[in-house]
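I have placed the structure first, in the form of structure tokens, so that the comments after it can refer back to it.
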Amino acid sequence: MTSSSTTLSRAHLSGDIWGGFAAMLVALPSAIAFGVTIFSPLGAEFGAKGALAGMLGVTALGLIAATFGGTQRLISAPCAPAAAVLSALTIQMTQQGSGVGAVVLSLFLVALTSSLVQIAFGMLRVGQLIKFMPFPVVSGYLSGVGLIIVLSQLPKWMALPKGMNWWQGLHAPELWQAPSLIVGAATAAMMLLAPRLTQRVPAVILGLLAGMATYWALAFTGWPSLMALHDNPLIIGPLSVGGEGFVESLIEPWRSLLHAGVPNWEQVLYPALTLAVLLSIDTLKTCVVLDALTGSRHNSNKELIGQGLGNLASALIGGAPGAGTMGATLVNKASGGATYLSGVFQGLWSLLAILLLTSVIAWVPVSALAALLIVIGVKMIDWHSLQLLRNKDTVLDFCVIILVVLVANTVSLIAASGVGVAMAIMLFLREQIHTTTIRRKSYGDKVFSSRVRGQHEREVLADKGSHTVIFELQGSLFFGTTDQLYTAIEPELNNARFVLLDFLRVQSMDMTAGHMIERIRNMLAEKHARLILTRVPDRLPSGRDLRSYVDHIGLLSDSTAKIFDEFDEALEWIEDETLKLAGHEHTSHEGLPLAKFEIFHGLNDTELAALEQCAEHHTFQAGELVFGADTVGHEIMLISRGEVKVTLPMANGKTIHLTTFSRGQFFGEMSFLDGRAHSADVHATRDTELIAIDRKAFARVAAGDPVMSISVMRAVALAIADRLRHANAELREMRQA
């Protein structure tokens, strides 16, 4: 186990070293270019300072952001958003006549403040918002970045004049530089062939070496001008950076702070906030894309803190601020980088480059780097998303991806993210709107409460129950689904006496839906009908107390609406009201004699008299236990007066309401027949009188009157069969609904 872990660690370390080196080769030239962009408005003589600021930024971000961040393989370096914000500030202050010291101080303060804001973002857990990024947006962003990389590097591959884009270059082939094309082609070809040749050396490194070898081969064979270091657009060129410049860069911001006046706070705060937001979004977007490519998961808040610390360190030593960069990160991954150490090694390689290797870096062909990034960019495009066009259900997801790609390449990556999220929200709302909010609709003549009723009562409920409409709601009840819900309920309002809304599966509800339900309540009240709500949850998945919300918006403001905790309680109340309206309410509190029980209507006087011999009368007060589960049972109980409730005890201390029996009903028949223990608890819910027929006493009487025994057992069997058929009918109705 130890040997395996050591081997794995060494493999990771080797990959991190190679990955960090390859990432440095990609990030360093871009960082130099961005640094020059920031300082060039101050004058041509500040180009070297800008180059050094870019290199210092690569070093600080690599060492600090990678160490304290929350993403494996991420490479951080000065980036385009930082260059855009800071160069705009430099131009603005220069046009206003500000001195060089004031501009340098402002750039320093903006970078310093933005780094502190990033740290605050991480501590306030703002980074968690990135986790809600829909995958089509990530896919579109991934493809958009890949396409941007390809299109931005094509002019460099073709060695077009500065300021000419790829489209203009395609129409001017006479401007293409043959050596640049050949070097780029050699680099790309080696990158594609490298995996077939060896797995030990990363393809990026082999491609870059192939490009440099091709460059020098061309220089010695037919293009001697390639040997020139100065004024050679095909290579990075001299950096003019030494140890003296390094020390000067460290102390200059502090010198400016002492000698220049402090700028207006608005001149610092607004650019700093803008920069912090842009750098944070740019970093987290790269993290999301990296997660999609590697199957890993980053820590957004920790990453923002790491980025803030990296930019803080960069600002303190005079470096340019930056973010997690896509190109260098992908190169790092492709070159074997596997952990955060690859970012640290990238910083170390950059530091060595500053001190020792500026002369070597100067000879790296620009077209080789461009071809390297183009190959990576093409692989980065999510070609798999084209399959979404095959199915009409996924066409809209494809449209989101394409829209993100288009906006990314025409406006900006940040705008593309906003558009993608907006589109994803619209698709989600569309999905919610087209998802039915009614899981099941049924009627009171098909679905009954758990109260066991006599044959005559069931006939009344079957006849009048169609005036009870039951809607089992589901999903989100909000402004997008309100019209759909009302359209489904409205046709039933003319004939309904009771409308029951079951909220058990409701996930959310807003004021619009509440107002619509209130409108239904008022329409029913005008027709002397009732709205009943049941199983309204105290806590929705979001944590909201829906029951209190229903009360607060006025749904229960008058007696025309009722609310019940349990669905069965609501059904039972509706059935009682239906029977009352039909004139079948039982108000008698007198005891029912044995001969009046419906189960024994087929027995003659002799058989009833024999049955009376084994009957005992018991009384129970409201709440008293008649018998408990697992107790020995041997009696069939007939309710002469009152009511009992049958519940099933659970291991967690809770109970399940199975059924309710009232006057004229019987229970305990299972134990009476098989002599085994009871399976449930039975409590009297009001003062109750029971007639108990003991199993042993009945057997003694039956021995002398077998005809009576057969008649009684037949009556019990028919009653049980009737209950089972009734239950089967309800189950069939529920499955068909």
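Here are the numbers for the structure shown:
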quantity: Number of positions in the range 502-529 that are farther than 19 Å from Leu546 by Cβ and part of a helix (DSSP H, G or I); calculated: 5
quantity: When residues of the range 703-722 are limited to those that are free of Cβ contacts under 8 Å to residues at least 12 places away in the same chain and either hydroxyl-bearing (Ser, Thr, Tyr) or touching a Ser or Thr at 6+ places or on another chain (Cβ under 9 Å) (or both), the one farthest from Leu673 (Cα to Cα); calculated: Ala703
quantity: Candidates Ser14, Ser9, Ser98, Ser106, filtered to the one that is outside any helix (DSSP H, G or I) and either over 22 Å from Ile149 (Cα atoms) or at pLDDT below 85 (or both); calculated: Ser98
quantity: Only listed residue being surrounded by 19 or more Cβ atoms within 10 Å (Cβ to Cβ), touching a Gly at 6+ places or on another chain (Cβ under 7 Å) and not assigned by TED's automatic domain parsing to the domain that holds Val289, chosen from Ala424, Ala416; calculated: Ala416
quantity: Some residue of the range 593-605 being surrounded by fewer than 13 Cβ atoms within 10 Å (Cβ to Cβ), charged (D, E, K, R) and within 23 Å of Arg686 (Cβ to Cβ); calculated: yes
quantity: Among the residues listed as Ala488, Ala525, Ala529, Ala561, the single one being at pLDDT 90 or above and in the same structural domain as Gly444 (by TED's automatic domain parsing); calculated: Ala529
quantity: Check on Leu540, touching a Leu at 6+ places or on another chain (Cβ under 7 Å), surrounded by 12 or more Cβ atoms within 10 Å (Cβ to Cβ), outside the structural domain of Met708 (by TED's automatic domain parsing) and at pLDDT below 85; calculated: yes
quantity: Out of Glu607, Glu577, sole residue that is in the same structural domain as Leu546 (by TED's automatic domain parsing) and among the charged types (D, E, K, R); calculated: Glu577
quantity: Residue list for the range 164-197, filter: farther than 26 Å from Gly222 by Cβ and surrounded by 13 or more Cβ atoms within 10 Å (Cβ to Cβ); calculated: Trp166, Gln168, Ala194
quantity: Single residue of Leu160, Leu147 found to be of a type outside the set (Gly, Ala, Ser) and not in a loop (DSSP other than H, G, I, E, B); calculated: Leu147
quantity: Val506 surrounded by 13 or more Cβ atoms within 10 Å (Cβ to Cβ), hydrophobic (A, V, I, L, M, F, W, C), touching a helix residue (DSSP H, G or I) at 6+ places or on another chain (Cβ under 6 Å) and under 20 Å from Leu571 (Cβ atoms); calculated: no
quantity: Filtered residue count, the range 602-617, keeping only those that are within 17 Å of Ile639 (Cβ to Cβ) and without any contact (Cβ under 8 Å) to a residue 24 or more places away in the chain; calculated: 1
quantity: Residues of the range 483-503 satisfying the condition of being buried (at least 20 other Cβ atoms within 10 Å of the Cβ) and closer than 25 Å to Met426 by Cβ; calculated: Leu485
quantity: Residue in the range 82-90 that is modelled with pLDDT of 90 or more, of a type in the set (Val, Ile, Thr) and either over 24 Å from Leu352 (Cα atoms) or assigned to a loop (DSSP other than H, G, I, E, B) (or both) present; calculated: no
quantity: Which listed residue is among the β-branched types (Val, Ile, Thr) and touching an Asp or Glu at 6+ places or on another chain (Cβ under 7 Å), from Thr487, Thr534, Thr512; calculated: Thr534
quantity: Arg125 being over 30 Å from Ile425 (Cα atoms) and among the charged types (D, E, K, R); calculated: no
quantity: Total residues in the range 616-633, condition surrounded by fewer than 19 Cβ atoms within 10 Å (Cβ to Cβ) and under 10 Å from Asp694 (Cα atoms); calculated: 1
quantity: Top-ranked residue in the range 684-712 [being within 26 Å of Glu459 (Cβ to Cβ) and modelled with pLDDT under 85; ranked as surrounded by the fewest Cβ atoms within 10 Å (Cβ to Cβ)]; calculated: Ser711
quantity: Single residue of the range 607-651 satisfying the filter (β-branched (Val, Ile, Thr) and in a loop (DSSP other than H, G, I, E, B)) that is farthest from the chain's Cα centre (by Cα); calculated: Val632
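To keep it simple, each residue is scored yes or no on (1) outside any loop (DSSP other than H, G, I, E, B); (2) in contact (Cβ under 8 Å) with a residue 12 or more places away in the chain; (3) in contact with a Phe, Trp or Tyr (Cβ under 9 Å, 6 or more places away or on another chain).
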site: Ala415; (1), (2), (3): yes, no, no
site: Ala422; (1), (2), (3): yes, no, no
site: Ser449; (1), (2), (3): no, yes, yes
site: His456; (1), (2), (3): yes, yes, no
site: Gly465; (1), (2), (3): yes, yes, yes
site: Gln484; (1), (2), (3): yes, yes, no
site: Ile489; (1), (2), (3): yes, yes, yes
site: Leu500; (1), (2), (3): yes, yes, yes
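One line per residue, one yes/no per condition, for (1) surrounded by 19 or more Cβ atoms within 10 Å (Cβ to Cβ); (2) of a type outside the set (Ser, Thr, Tyr); (3) modelled with pLDDT under 80:
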residue: Cys287; (1), (2), (3): yes, yes, no
residue: Ala313; (1), (2), (3): yes, yes, no
residue: Thr325; (1), (2), (3): yes, no, no
residue: Thr329; (1), (2), (3): yes, no, no
residue: Leu348; (1), (2), (3): no, yes, no
residue: Ala362; (1), (2), (3): no, yes, yes
residue: Val366; (1), (2), (3): yes, yes, yes
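The values are calculated or read from the model by the stated rules, or taken from the named source; none is laboratory data. These figures come from a predicted structure and were not determined experimentally. When we count neighbours, we look across all protein chains shown, and the Cβ atoms used for this are built from the backbone with ideal geometry, even at glycine.
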